[in-house]
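All remarks here apply to the structure that follows.
The values are calculated or read from the model by the stated rules, or taken from the named source; none is laboratory data. In this text the structure is predicted, and so the values were computed from the model without any measurement. With ideal geometry, Cβ positions are generated from the backbone for all residues, glycine too; neighbour counts draw on all protein chains shown. The accessibility values were calculated without ligands, DNA or RNA, using every heavy atom of the protein model including side chains. Shrake-Rupley method; radii C 1.70, N 1.55, O 1.52, S 1.80 Å.
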Amino acid sequence: MRRGPVYRLVHDDMRVRRILRVIWLAAIFCPLLFQAAADEARWWPVQAMPKGLVRLDKDLPEPRAACDMMAQSVAGLAAKAVNEGRSDEMVWVGTDNIDIEDWFARLLKRQPQLEVRGTFALWDLVDRYAGKGIIKGYILYRYDHSKGALSEHRPAMDCSVNVATSLAGLLDGIIVDESIEAEARRHGLKLLADARGKTQAWCFRTYRSQFNRHMLCTQDPQKSNVRDLAIAQKTLTVFGDAKPMAAAMAWLEPPSPVLGWNGGDEFKTTQMSSVWGHIQTSTDWGVNLPVLMAGTERAEPAKARAFDPRTVDWNDRRSAVSFVRSDGDNADTFEGSFFRGQEGGTLWGEPSRGGMPFGWSCCFAHLAQLCPEAIDYAAANQSTNDWFLEWGGGYYYPDLFGRELTNRWELLAQHARRTWTLMQRTGTDIVGFNTAQFDSPDALRAYQVFAGQADALLAIMVWQYDRYEAGAGTVLWVKDRNGVEVPVISARYSIWEHTNPRPRSGTPAKVAREIRQTVEQAPQAELPRYDWVNVHAWSWFKKAPGAREEAEDMPQENAEAHGGRRSYAPAMWCAERLPATIRVVCPEELAWRIRMKHDPQQTKKFSEEWREQREAQRR
């Protein structure tokens, strides 16, 4: 039926209204949908992007320790104001670190709309933000002078700075040590709270309903680092194993990140967070995280180069071994010292890097949310022999994860989905875990839960906390969400200082001998053997050619100053002692060979599907 002009006018008007209604609904719900998608792929909080940045002069006044603390609170309050829409400016705290400053330069290139509004002295910046109402006063604390090593739970610690940090985000006050209170008053600031004599337990009990339940900060009271992020997100900050640590872990909404590092006994610290379903992040030395993480929910980091299984020479039937550096969970190491920083000569900056296949355990899932520039640098400088595997999506013991909760496996599955999404974005297809007991029933279930959230996971590599090589090369099998078997491969050997008396662990020379003997003594049915070596990240050695295996050990204190090397170089010394009948391969090739040995038909099919998925991702 032909429709006349009046109908068309009414119909067109109705159509316009429908279109406008769709646009209106999209405006309301698309940000929510986008946020839901972002939440599914991250566990760190979102930091709003500012319009401008100011730089805080790195040459802070004396007393330096007190001013470092205060500077963190100034940066934190600026970031909080941006999150709340009360300001459009954040603070970059100047450093001497070549990597950190490079990330800043890369950020400005990635976000060219950011205005750089100048460099300020600390008290000038305080005046700037006090005048804008971002700083409403100060919170007084007393600096901790307890004796002992950093990150230890020292007797008689004064944690009033942690109380002040916790209150800063609630009261919009900078944290001020009593030594500089007079200066704060001269700048017209009023006292908002006196944290001296107040305990962390008091702070938690009094203000718990006002704190962010999706992140906890644990920080040594003598360290200023990461207090900016804690303040920006209104986060409770505590330290030690006394009250209220256990209560705070139980109160925190799982699964959540634990900013900083609680120190003390590593296993107990990580066990406490694991059983409540939380993720240690090893960020206690992190700097400028609010600026670096701004807008990362929309960022797309570079992908590391993937291993192509078509390059495997299946006619080569020699036994093979892989070397993998441990402790890739340390986000602050990757942010600030791994590539070119103070430890560069023994980590990524090792001159001989690239000479043989080597696996670097890493925290790309953290960095995709905190500092994607570091991933970009790693991918751009990845040699043909450098390979990355994800350290679990943070540091936790999967076999203990959520043990105090009734929905522990659902929480682990949730974190596995987030981690796998980020692994796909960053180009890693092997995940590594540190477990309490690698072959316990809970560990087996945890592997299955994690693999069940992935569709192209190549392998799970397992360290056991007490003796990383405790699994002795045992391979377990679980299934991904498509029913494809995934190998869970435990470390057989460990390059670890001063451990020659224990089996399968010790100096590079000792481990090389054990690798040779394992292959020589293996029954024919077990050949070829495919094993991997844990390369302990923090063990120093000196090169000592010859037959005396303990000669490579050295005192660990000031080892670098005495010519010590760690990570890649000791692994290469070990590889140099292997006969030509044992190949060194990357962790990915090792996993493909283990799969092929176990089930050739399924592995060939998986290889085809894996390539199709990678090609689809590239498109």
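Any chance you could check the Cα centroid distance between segment 568-599 and segment 166-180 for me, in angstrom?
So the two Cα centres are separated by 53 Å.
How big is the Rg/Rh ratio for segment 311-409, C-alpha atoms only, Rh by Kirkwood, two decimals?
1.06
Of the options Val46, Ala66, Ala105, report the single residue whose Cα projects farthest towards the positive end of the charge dipole of segment 34-110 (beta-carbon charges: Lys, Arg +1; Asp, Glu -1).
Positive-end residue among those listed: Val46.
Among Phe204, Phe338, His598, which residue has its Cα positioned farthest towards the positive end of the charge dipole of the chain, with +1 placed on the Cβ of Lys and Arg, -1 on the Cβ of Asp and Glu, and the dipole taken about the Cα centre?
Sorting the options by dipole projection puts first His598.
May I ask you to derive the relative contact order of the chain, considering only C-alpha pairs under 8 Å and at least 6 residues apart, and to give it as an integer percent?
Normalised by residue count, the contact order of the chain is 12 percent.
Calculate the dipole size of segment 77-130 relative to its Cα centre from +1 charges on Lys and Arg beta carbons and -1 charges on Asp and Glu beta carbons; express the result in debye to the nearest 20.
220 debye
In Å², and per residue, what accessible area does segment 171-260 have when probed at 1.4 Å with the other protein chains present?
In whole numbers, segment 171-260 has 37 Å² accessible per residue.
In the chain, with Lys and Arg counted as +1 and Asp and Glu as -1 at Cβ, which of these residues, Val475, Gln521, Phe239, has the Cα nearest the positive end of the dipole, that is, farthest along it?
The residue sitting most towards the positive pole is Val475.
If you average the alpha carbon positions of segment 205-230 and of segment 110-158, how far apart do those two centres end up, in angstrom?
Distance between centres, Cα-based: 14 Å.
Using all Cα-Cα distances in the chain, what percent lands in each 20 angstrom bin from 0 up to the longest?
Values per bin, smallest distances first: 19, 49, 26, 6, 1, 0.
What order, most packed first, do the peptides 390-398, 295-303, 463-471, 582-590 have when packing is the mean number of other Cβ atoms within 10 Å of each residue?
Highest to lowest by the protection proxy: 390-398, 582-590, 463-471, 295-303.
Please turn the phi angles of segment 602-607 into ³J(HN,Hα) values with the Karplus equation 6.51 cos²θ - 1.76 cosθ + 1.60 (θ = phi - 60°), one per residue in order, whole Hz, x for glycine and proline.
Along segment 602-607, the couplings run 5, 5, 5, 5, 4, 4 Hz.
Taking Rh as the Kirkwood radius computed over C-alpha pairs, what is the Stokes-Einstein D of segment 192-322 at 25 °C in a medium of viscosity 0.890 mPa s, expressed in µm² per second?
It diffuses with D of about 141 µm²/s by this estimate.
Packing-wise, with mean Cβ within 10 Å as the measure, how do 405-418, 226-239 rank, highest first?
226-239, 405-418
Might you tell me the accessible area per residue for segment 365-522, computed with a 1.4 Å probe and given in Å²?
Per-residue value: 30 Å².
With +1 assigned to the C-beta of every Lys and Arg and -1 to the C-beta of every Asp and Glu, and no other charges, what is the dipole magnitude of segment 449-592 about the Cα centre in debye, to the nearest 20?
240 debye
Would you calculate, for the chain, the mean residue ellipticity at 222 nm contributed by helices, counting each DSSP H stretch of 4 or more residues as -39,500 (n - 2.57) and dividing by all residues, to the nearest 500?
For the chain, the value works out to -12000 deg cm²/dmol.
Compactness ratio of segment 52-107: Cα Rg over 2.2 N^0.38 Å, N = residue count?
1.20
Would you please name the trypsin sites (Lys or Arg not before Pro) within segment 468-542 that are DSSP coil residues with at most 14 other C-beta atoms within 10 Å of their C-beta?
Sparse-neighbourhood loop trypsin sites (Lys or Arg not before Pro): Arg481.
Which entries of Lys223/Lys268; Lys190/Lys234; Lys51/Lys234; Lys58/Lys223; Lys132/Lys198; Lys58/Lys243 have Cα-Cα distances beyond 26 Å here?
Flagged as over cut-off: Lys132/Lys198; Lys58/Lys243.
Treat each spin label as a single point 7 Å out from the Cα along the C-beta direction, and report the Arg185 to Gln111 distance in nm.
With each label point 7 Å from Cα toward Cβ, the separation is 3.9 nm.
For segment 313-376, which trypsin sites (Lys or Arg not before Pro) are in a loop by DSSP, counting at most 12 other Cβ atoms within 10 Å?
Listed in order of number, the matching sites are Arg317.
How much of the accessible area of segment 381-449, probe 1.4 Å, is carbon plus sulfur, in whole percent?
44 percent
Leaving ligands, DNA and RNA out of it, report the carbon-plus-sulfur percent of the accessible area of segment 164-259 at a 1.4 Å probe.
Roughly 45 percent, rounded to a whole number.
Among the chymotrypsin sites (Phe, Trp or Tyr not before Pro) within segment 289-327, which fall in a DSSP loop and have no more than 13 other Cβ atoms within 10 Å of their own Cβ?
For chymotrypsin sites (Phe, Trp or Tyr not before Pro) across segment 289-327 that sit outside H, G, I, E and B with at most 13 neighbouring Cβ atoms in 10 Å, the list reads Trp314.
Of all accessible surface on segment 37-127 at a 1.4 Å probe, what whole percent is carbon and sulfur?
For segment 37-127, the apolar C and S fraction of the accessible surface comes to 51 percent.
Compute, for the chain, the length of the dipole vector about the Cα centre, with Cβ point charges of +1 (Lys, Arg) and -1 (Asp, Glu) only. Units Debye, rounded to 20.
1980 debye
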